[in-house]
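Working notes, structure below.
The values are calculated or read from the model by the stated rules, or taken from the named source; none is laboratory data. Since this is a predicted model, take the numbers as computed values, not measurements. Cβ coordinates were reconstructed from backbone atoms using ideal geometry, including for glycine residues, and neighbour counts include every protein chain displayed. We work out accessible area using only protein heavy atoms, side chains counted, and drop any ligands, DNA or RNA first. Shrake-Rupley method; radii C 1.70, N 1.55, O 1.52, S 1.80 Å.
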Amino acid sequence: MKNKAYRALDVNQIHLDRLLQQRHEVLVHAGLDVGKDYILCVLRWDGHNFERPWRCRNPADLACLAQALQHVAQGRRLVVALEPTGTYGDASRQALQRAGLRVHRVSPKAASDYAEIFDGVPSQHDGKDAAVVAELAAQGRSWPWPLVLPSETEQELAYQVEWLEGQRRQTQLWYGRLEALVSRHWPEATALLPLTSGVLRRCLLRYGGPRGLAEDSQAAQRLYRWGKGLLRRDKTEALAASARQTAGVPTGCWDEERLRRYAQQVQDGLRQHRQARRRLRQLAATQPIIQAMGGVVGPVTACVLWVELGNPQDYHCGAAYRKAMGLNLSERSSGRWQGQLKISKRGSSVVRRWLYLAALRWLRQEPVRSWYVRHKAQGRGAAKPALVGVMRKLALALYHVGGRGEPFDRAQLYPSLTAGGPASLDAVVGKKS
């Protein structure tokens, strides 16, 4: 067991003076594998020479690890590299940065792919992962990764976007449970009104199901008032009649309580969702770059892109910005089999969902609609590839507007087509993103 290459040593028991006396290299790379409880560190010297892993308790021994690496860096150029591991690595980055050490980032995908190449064994564990990270950093496949504390505005942007997404997911969950109960006890309701209808939701909040509505002699008039003139009287009368003649399973008192509670959860989630969107529009108005991007996809979507992808000015080209969205094309072909081009779907799925909704709004406008219809016809009616093409074009437009500060001209989306439709973008960006 003592001869195993990846047998870890406690960072508090390392004799650095004895170790460094035999080392005269001026460049050394340290790879970190950050876990919730432990951090493993591997030093990589010139000539593909590695030290045994150091084990550090996270976060109890972070100061000791930073001090040890600081000692190694005396008279040498030390590069400390690690993979993005969510929030587990932030305290480590802060401790290393405070110690004056260079911190780099290594792609987790590159580390995973290189694991078998590293020692010829398709295994992955903490000690080996730290050595792989150090090796990739030595090959120049790492990038500076300083820990920059966000401003208060950026913190609020991140908070509002996270809250917005959280409320959307929770509301979707309650919608699913509500739909199951309505289908069981009142299946005719959703045939007359969608489950997203505010009138149906208020009906469930007040009556808890079809029984209470059937017992109310003024139900049709009340439903019409709730519709505020947008719901026809024949529709309200049909909904009231369906409650009296429903084929659903009779509700008990606790079934009605569940329907009320689920409808209330949906109502609360939608209210929180609207409040977050309203606040994001206010924040977007104070940020010039986000405001410019909002002219392409709407202010709320622009805020989501800013939080998930960062400042577009930090990307060296539009293709890199689009790749961060997972919209770069990939292909798998072998021999005679020719694979289809598909998007890689790397990165945040939240970005692609919001950009997908923005692309749907753009389909109403020219010249996007003409391009979409033509490519959909070329794909034998396949709408999804054509819509993905619109998303890819919008990604480049967002980079030019936000990353380069160029004014947005929708005619430049597809310059080969004649721009038509309204003379302004009010019909697009004026809508809620």
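Rundown of residues vs (1) assigned to a helix (DSSP H, G or I); (2) open to solvent by 30 Å² or more (accessible area, probe 1.4 Å), yes/no style:
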{"residue": "PRO146", "(1), (2)": "no, yes"}
{"residue": "GLU156", "(1), (2)": "yes, yes"}
{"residue": "TRP163", "(1), (2)": "yes, yes"}
{"residue": "THR171", "(1), (2)": "yes, no"}
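Just so you know, in segment 214-231 the residues that are in a helix (DSSP H, G or I) and open to solvent by 90 Å² or more (accessible area, probe 1.4 Å) include one that is farthest from LEU192 (Cα to Cα), and it is GLU215. Do we find that VAL79 is closer than 24 Å to TRP143 by Cα and over 27 Å from the mean Cα position of the chain (by Cα) in this structure? So VAL79 passes the test. Does at least one position in segment 342-356 carry a residue that is in a helix (DSSP H, G or I), among the aliphatic types (A, V, I, L, M), buried (at least 20 other Cβ atoms within 10 Å of the Cβ) and within 23 Å of the chain's Cα centre (by Cα)? Checked segment 342-356: at least one residue is in a helix (DSSP H, G or I), among the aliphatic types (A, V, I, L, M), buried (at least 20 other Cβ atoms within 10 Å of the Cβ) and within 23 Å of the chain's Cα centre (by Cα). Within segment 290-302, residues that are under 17 Å from GLN313 (Cβ atoms) reach partners that are open to solvent by 20 Å² or more (accessible area, probe 1.4 Å) and small (Gly, Ala, Ser) with beta carbons closer than 8 Å, at six or more positions or on different chains, in the pairs GLN291/ALA285; ALA292/GLY405.
Scanning segment 129-144 for residues that are exposed (fewer than 11 other Cβ atoms within 10 Å of the Cβ) and in contact (Cβ under 8 Å) with a residue 24 or more places away in the chain returns a single hit, PRO144.
Scanning segment 239-254 for residues being part of a helix (DSSP H, G or I) and crowded, with 17+ Cβ neighbours inside 10 Å gives a total of 4. For segment 62-82, the set of residues classified as open to solvent by less than 10 Å² (accessible area, probe 1.4 Å) and not in a helix (DSSP H, G or I) consists of LEU78, VAL79, VAL80, ALA81, LEU82, listed by residue number. Only one of the numbered conditions (1) over 36 Å from the mean Cα position of the chain (by Cα); (2) β-branched (Val, Ile, Thr); (3) closer than 30 Å to ARG281 by Cα is not met by THR236, and that is (3). Consider segment 39-57 and keep the residues that are out of contact with any helix residue (DSSP H, G or I) (no Cβ under 7 Å at 6 or more places or on another chain) and open to solvent by 10 Å² or more (accessible area, probe 1.4 Å). The one that is farthest from VAL11 (Cα to Cα) is GLY47.
Residues that are in contact (Cβ under 8 Å) with a residue 60 or more places away in the chain and open to solvent by less than 50 Å² (accessible area, probe 1.4 Å) within segment 109-128 comprise GLY127, LYS128, listed in sequence order.
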